[in-house]
Each structure stands twice: as structure tokens, then as C-alpha cells.
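A short write-up of the structure that comes next.
The values are calculated or read from the model by the stated rules, or taken from the named source; none is laboratory data. Only a predicted model underlies this, so the values are computations on that prediction, with no experimental measurement involved. In this analysis, Cβ positions are derived from the backbone assuming ideal geometry, glycine residues included, and neighbour counts consider all displayed protein chains. All accessible areas refer to the heavy atoms of the entire protein, side chains included, with ligands and DNA or RNA removed. Shrake-Rupley method; radii C 1.70, N 1.55, O 1.52, S 1.80 Å.
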Amino acid sequence: MACMWRVFQRHGVFAVRNRNPDRAHELAGVSFRSFSTKAAPHTTRMEYQDAVCTLNTLQTNASVLAQARQERSHSQLQLQAMVGFLERSGLKVDKLDHLNIIHVTGTKGKGSTCAFTERILRSYGFRTGFYSSPHLVQVRERIRINGQPIGKELFAKYFWQVYGRLYETKDVNDGEMPGYFRFLTILAFHVFLQEKVDLAIIEVGIGGAYDCTNIIRRPWVCGISSLGIDHTQLLGDTMEKIAWQKGGIFKPGVPAFTVKQPEEAMMVLKDRAKEIGCSLQVCPGLMDYDTDGGPIWLGLAGQHQQPNASLALQLSHTWMQRRCLPGAFQSHDGNSAGCQAATFKLGPIMVKGLEETEWPGRNQTLKHGQITYFLDGAHTMRSMLACVQWFKESAAQHELTASGPVARVLLFNSTGDRDSAAMLKLLVPCQFDFAVFCPNITEAIASCNADQQNFNVSIEHMLTRCLDNQSSWRLHNSSPSDLTEPQMLIGDTLCMVPEKKAETLVFPCILSSLQWIAQGKDSVLVDSGKTQLPVKPSVMAKAALLRETTAIHVLITGSLHLVGGALKHLDPAMSK
């Protein structure tokens, strides 16, 4: 909690426009105390949480972030600045050539593609590094070796090495330190080089052309997963603009692969490949690969994972060709931009790699007794469509084995500039009995750890967004006469629930939402160490349906940060 308040003070997350800053504290149920704003000193025995607290001081506050979005024309300068930070940390860009990198971008499915690729190559015995974002529960999840997040001691060791070099040189560099994501990218490069991985799979953060991972000069192969409209303030508001940004990871002579894309996006990608001088091939369908008649099973659920798996097969196959048959590998120019990639026979190791792939928070199912949680971090229109299809099919299968009535509950939040109202409209046909909304705050008490603290947006803004989401849901589901007579939810702070409709609720944190939904039926959530916020009797009475049903199906979606906060409570092993 101390480090949380230090960063609140440092970055001023409660904007001046908030006329009553204490109100945000009250709504979140958090009591703050004053602590020093001074960053933790560099000692030889820093613990993991100390490192994460210091890392959080590198988060960009909301006002600075907004200004950066308005200055997209200076993106190239930002990329040059990344090179400077890398050199201050003790690395030259050419050192990254030794990492044998697979570089992957996209709007939807890039993380899953990387997960498939990593598991396939690890199945062949290669020592893998994998850098991804965001994390779900702990920040060290972003930097993986052989599929596992690096240990806390290893994270702290390398963190202080890199942070120390950057901090020591900041005074002669106008006091500049890299932002949160930039620092983690630099840290990942250091970890992979020091731990001597055979290859590094690097997932782009946002976009491609000006993403800080794009200081990579010589990847061995590049991939682009499904494209869609997202991060419009940074990447542009059309498919063409977004495709141009994503194609920025192409490198001269380096083979690139993509899944089938919308026509306007595909044309831009082809032009980018020709301009840069690389081949671009479109992946075949997953069922087109030869497996000697055996089935292909994917460790990740959902039909939409098939293109991601095909892209992973092409990336891993191409990487191994270059690794194991260097004499047969030729440079690829842009003359083949847009052609169909060849299929090949899948050996048992590749098939096993696809089947054993795990990627938490994406089409994930957790069953806790009478409650089944369906978790998917869908946050775009296309990914939400896929989420809805997966949930309908999966929940229906679970309901076939239920011995009595089943209640359906939606737990939703969204962030950034995403059209949450449109996403909620897609969720209406799932026929939820309750729609519950909460901010991406794990718990409204002082015990939450530093890994999931986000200071890019104020608590006031997060709660306002939840109220807007609730209003959107009610508009999609209610007649005008239902939109009156709001009722207090917790204590005397939040006005949410209409008297005539009990299907919408807003809670101040993820834990209180889950506890209300579970109604004591999930032993993990009634652990003595978890504090329960007081809920008014009238609101508890509305949960009668949840108490009486045989089973409860909960879909948690709209934000990977929401899913991560839920997993912190639902899967305690992820916090160890």
C-alpha cells in the first residue's frame, strides 16, 4: 500500500478537474495514508515487490499519455529515444541480433499466436524466451523462459541491474527515464541475453512501426495476426491506417506471414512488404495441413484460434528451417507479397505442441464446485464476437450436465477508447440473469499488491466508466419506464440498481463483485483472509436467484486487466 500511495503522489492520478478528490477514495473503499514519494534506494537485497513498486513509478499519468496520443507525428523520434534508453542500459541494438527473434503483431490473437509458437518450439527442445503484454496477475508473467514467468528473485536481480544503469545516467540525459512498457522491453532483452535462450518470441505492444519492440533489426521471421479497429487514437481509425502501422515490423529479406485479412488491410500489407523488400505469405487453413489422418487438437478453445495456430505453425516451421538448415535458407524479397503459404506435414511434436498450449485468460474455463467461470479478455468488436460464440457453445455444454436450474452472470469492464456500448450489445443474446460491472481494481482494501496497480487513469474515471456501461446495458435491455428510481448498492455511496430491474449491479472492485455473484458457493472466495464489503440487505435480497440455482455460469470479459484481477482471486497459485 505504501508504494501505491507513493505513485499516486508522484503522478497525481486525481486530476484537478475532480472537485472532490476524496470522493474517489470513498467510492473505492480505500483509506490512504501519506508516504514518502522518494523511490526505493538501490540495495543488494531488494525484494520483488520493491522492484515492482519502483517499476510502477515509470507509469505514465493520464495527462501525459493524452498528450503523447496527440503527438503521433513524433513517433519516429520516440523510437529513436528507445534506442538511446537501450544503450544507456548497457546494450547495443546489434546485440539483439543474437536473440534469433520471432516478431509478432496484430489486433486480435497475437498473444495466442505467440503462445502456440513458443510451445511448439519448446516441444522440440529449444530454450525459449517469450515477451508479452499485458500481464494478468504478476508483472513477471510478461517475461517467460521455457514457458514459465521468470522467478521473483530473477526478476528483482535483473530489474535492479537495468534500473540502476538507467537511473545513474538520467541526470546527464535531461532526467529522462523510460516509461513502463519501454523499461520492461529493455529488461526482457537483458534477461533473454543473460539467460542464453535459443530464441525469443517478441509480441508487439501497440501497432508495430513505432512500437518500442521495433528496434529489432534482424528478426528471423515476422507474423501478423488478425487485424481490426483498436487503439484508434494511436494507430488511426481505418483498417488501412492500422495495417500500415502493423506492417512496420517487416524487415528487408525477412519472411513474413499473415492470416487472411480484410481486403483493404491486405492491400496495404502487400504494399508494405514490397516497399520494405520482404516476402509476405498468407497462412492456409489449419485443416489443410497433413497429419497422416490424425486430428489436430488445440489447447486453446474456440474456432477463432485456428488461424492463430496456422500462423504459429508457419512461424515455427520457418524459424526451424533457418536454424537447422541455414544453407537452404534464402533471403525473401517483396515479389511474393500476398501469395499463399505452402502447407507441410505436421510431425507428432508439432501436433503435441498445439495441443499442450496454454494461455490463461483467453477462452479459459475454471470450475469451482457449483460455479463455472468463463474468462476471456476480449476487448474489440471482433474478439467479442468470438467470445460470445465460445461462451454460448461452452456454457450450453456445461448446462447439459447440470442437475437443476442454471443462472448466467456477466461480469464486465472496458478501458481506453473502446466502444463498450457496442460490445455490450453483442453480449445481450447470451441471456444473462445479471450484468455486473466493476473497475479493474482487484480489491477495495489496502492489501492489494503492486503488480496490478494502474495509474494511467483515475479511480473516479474508472467508476464513471462502470456507470456508463451499466446505463448502456439497461438501454439495451429495458423499456424507458425501467430507467427510473435508482437504488443504493453498497452502503450509501453508489446509486445503481433500478427498483423494477434486478439484473444490473455495479461494485467498487473485482473481489466484491465475485463475492456477491458466488453467494458463498465458492470456497476460494470465502477464505478467511478475504475481506467482504458490507452490502445492503435489499441488494442481498436480489441475489435470491443465485442462492437457489443449482449452478452459476459467470462470463468475465471486456478487459484482460479485469480477467487478470479475477484470476488473482480465483486461482491463488498465480499470485505465488
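Compactness check for segment 234-297: Cα Rg over 2.2 N^0.38 Å is 1.36.
Remark: the Lys352-Gln532 segment gains 60.5 nm on full extension, using 0.36 nm per residue and subtracting the alpha carbon distance. By accessible area, using a 1.4 Å probe on protein heavy atoms only, segment 269-411 has 51% of its surface on carbon and sulfur.
Ranked by the mean number of other Cβ atoms within 10 Å of their residues, highest first, the peptides 503-511, 349-357 come out as 503-511, 349-357. Measuring against 28 Å, Cα to Cα, the residue pairs Lys110/Lys152; Lys196/Lys576; Lys345/Lys392; Lys108/Lys352; Lys260/Lys568; Lys108/Lys241 contain Lys345/Lys392; Lys260/Lys568 as the ones spanning a longer distance. Taking packing as the residue-averaged number of other Cβ atoms within 10 angstrom, the listed peptides 362-375, 95-108 run from highest to lowest as 95-108, 362-375.
Is the C-alpha gyration tensor of segment 378-459 telling us rounded, prolate or oblate? Criteria: a/c under 1.5 is rounded; beyond that, a/b larger than b/c is prolate, otherwise oblate. Cα axes put segment 378-459 in the oblate bin. For segment 378-454, the solvent-accessible area with a 1.4 angstrom probe is 38 square angstrom per residue. Contact order for segment 276-429, expressed relative to its length and based on alpha carbon pairs under 8 Å spaced 6+ residues apart, stands at 27 percent.
Name the shape class, rounded, prolate or oblate, that the alpha-carbon gyration tensor gives for segment 347-422, where a ≥ b ≥ c are the square roots of its eigenvalues, rounded holds for a/c under 1.5, and otherwise prolate holds if a/b is larger than b/c and oblate otherwise. Oblate shape, in that a/c is at least 1.5 and b/c is the bigger or equal ratio. In this simple spin-label model, placing a label point 7 Å from the Cα along the Cα-to-Cβ direction at both Val428 and Asp290 gives a separation of 5.0 nm. Potential lengthening of the chain between Thr464 and Ala342 amounts to 38.9 nm, from the contour at 0.36 nm per residue minus the alpha-carbon distance. Taking every Cα-Cα distance in segment 208-334 and sorting them into 10 Å bins from zero, the calculated P(r) comes out as 12, 39, 35, 13, 1 percent. Taking only the Cα atoms of segment 498-576, the radius of gyration and Dmax are 13.2, 44 Å. Between amide H atoms placed 1.01 Å from N, distances below 5 Å from Ile101 occur with Ala200, Trp220, all of them 5 or more places distant or on a separate chain. The Rg/Rh ratio of segment 136-267, with Rg taken over Cα atoms and Rh as the Kirkwood radius over Cα pairs, comes to 1.01.
Here the average projected area of the convex hull drawn through the C-alpha atoms of segment 261-330 stands at 6.5 nm². Here the simple spin-label model places points 7 Å from the Cα toward Cβ, and for Arg323 and Trp297 these points are separated by 2.5 nm. Most tightly packed first, judged by the mean number of other beta-carbon atoms within 10 Å of their residues, the peptides 221-231, 548-558 read 221-231, 548-558. In terms of its alpha-carbon gyration tensor, segment 176-252 comes out oblate; a/c meets the 1.5 threshold, while b/c is at least as large as a/b. Shown is the FRET efficiency for Gln49 and Lys260, computed with R0 = 41 Å from the Cβ-Cβ distance and rounded to the nearest 0.05: 0.40.
Taking trypsin sites (Lys or Arg not before Pro) across segment 109-196, the ones in a DSSP loop with at most 16 further Cβ atoms lying within 10 angstrom of their Cβ are Arg127, Lys170, Lys196.
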